[in-house]
1. What lysines does Lys36 reach when the alpha-carbon gap must be under 29 Å and sequence neighbours fewer than 8 apart in one chain are set aside?
2. Give, rounded to the nearest 20 debye, the magnitude of the charge dipole that the chain has about its Cα centre when Lys and Arg contribute +1 at Cβ and Asp and Glu contribute -1 at Cβ.
3. Given that just one value was derived from the coordinates, which of (i) 73, 42, 33; (ii) 41, 41, 34; (iii) 57, 34, 30 is Cα extents along the principal axes in Å?
4. Assuming R0 = 45 Å, what is the FRET efficiency of Arg217 and Lys36, from their Cβ-Cβ distance, to the nearest 0.05?
5. Quantify how much of the Cα-Cα distance distribution of segment 25-75 extends past 15 Å, in percent.
6. Setting aside same-chain residues fewer than 8 positions from Lys208, which lysines have a Cα under 29 Å from its Cα?
7. How large is the accessible surface per residue of the chain, computed with a 1.4 Å probe and reported in Å² as a whole number?
8. Using DSSP, restrict attention to beta bridges with both residues in the chain and report what percent are antiparallel, rounded to the nearest 5.
Amino acid sequence: MSSLIVIVEDEKDILELMEYHLAKEGFETIGFLTTKHVLEVLEEEHVDLMLMDRNLPGAEGSEFVESLRKKGIHTPVIFVSAKHKDEDIEQGFERGGDDYITKPFSMKELVLRVKAMLRRTKKLSTEGNLTYRDIVLNLAARSITIEGENIELTKLEFDLLHALIVNQNVVLDRDYLLEHVWGGEEVFQDRTVNVAINRLKEKIDPDKTKEYIKTVRGVGYTLC
């Protein structure tokens, strides 16, 4: 599933431009001109990131984010605001912002900041359960079941499947997997990832009937 980004921006032209450029990069967006229905979406959808203006009708953006934090909602927030003084930026961070872009800004910078934020916030969790189709990962116990049956995986195979599920429907290239699964601290042969993926496929889909993992030739791997 591609990352879902909520954008709150009261200038319609800017909102539409942000949505257009983020959609070009493969992100899903939901845009709002006010904060009126934002809380409702955050409670009903899995939102990966919010882009939040501060000068909004009926609400000040950083005060709204501060209220979300008090409610226990910790969705990452990048403020995109014409409030550019040092004290404004400091206030944005103090009220719960994770990054701050001042207007005017380039769409290229926006996209790069969004990608960097998502990389930081999509680090693999170590608690709870993670599910994909009929696969259930117990992150604390580091165990996996498929249709209720336990499957034995090595630590590397578990981490590899974990990364794929967290980034489902996003194509992960070999460099990303080497950095985030193997740690990126050693030199690996070109086929390291390919071999590990093939071993994982054999264990989770021995009959080759479910086709959980898709190879995108020349790019990398994703879940189907």
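The values are calculated or read from the model by the stated rules, or taken from the named source; none is laboratory data. Given the structure is predicted, the values throughout are model-derived calculations rather than measurements. Quick reminder, even Gly has a Cβ in these numbers, built from the backbone with ideal geometry, and neighbours come from all protein chains shown. We work out accessible area using only protein heavy atoms, side chains counted, and drop any ligands, DNA or RNA first. Shrake-Rupley method; radii C 1.70, N 1.55, O 1.52, S 1.80 Å.
1. Lys12, Lys24, Lys70, Lys71, Lys83, Lys85, Lys103, Lys108, Lys115, Lys122
2. 540
3. (iii)
4. Efficiency at R0 = 45 Å is approximately 0.50.
5. That fraction is 44 percent.
6. Within the straight-line limit of under 29 Å, Lys208 reaches these lysines: Lys155.
7. Value for the chain: 56 Å² per residue.
8. Details: 19 of 35 bridges.
Restricted to the chain, the bridges split so that about 55 percent are antiparallel.
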